[in-house]
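Below is one structure, written out as structure tokens; the observations come after it.
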Amino acid sequence: MANTPSAKKATRKIARRTEINTARRSRVRTFLRKVEEAIASGDQEAALAAFRVAEPEMRRAASKGVFHRNTVSRKISRLSHRVKALGGA
């Protein structure tokens with residue numbers, strides 16, 4: 001249990017940040033799921049639209065420190081390739 005005032009404040013700050021980060025992570029996962037579903041359905045227009053909405057959200061989460069920059073970059077790259085591949089299929 002935190003004893004000093006600064007430790008108590010730190011606990012409150014951590015709880016607030018955890019809540020915000022959880023919400024952000026959940027939001028990104030929702031956008032990713034929408035892209036995945038569009039890719040699975042084989043609809044390139046829907047997949048592209050969902051991807052265009054998801055990408056800035058993912059980059060924002062990376063800039064806020066919810067996800068690592070390289071992780072987001074890798075996921076965006078792989079999703080982008082999969083969306084492009086739908087056009088050739």
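FYI, it's all coordinate maths here, none of it is from the lab. Nothing here was measured: the structure is a model prediction, and the numbers come from that model. Positions of Cβ are generated from backbone atoms using ideal geometry, with glycine treated the same way; all protein chains shown enter the neighbour counts.
For q = 0.15, 0.22, 0.23 Å⁻¹, what log10 I(q)/I(0) does the range 1-75 give under the Debye formula with an equal point scatterer on each alpha carbon and no solvent? At q = 0.15, 0.22, 0.23 Å⁻¹ the computed log10 ratios are -0.60, -0.93, -0.98. Ordering 26, 80 from the fewest to the most neighbouring beta carbons within 10 Å gives 26, 80. With angles folded into 0 to 90 degrees, how steeply does helix 5-41 sit against the dominant principal axis of the chain? Use alpha carbons for both and round to 10. Between helix and principal axis, roughly 10 degrees. Once the Cα atoms are used to define both axes, helix 44-63 deviates from the longest principal axis of the chain by about 20 degrees.
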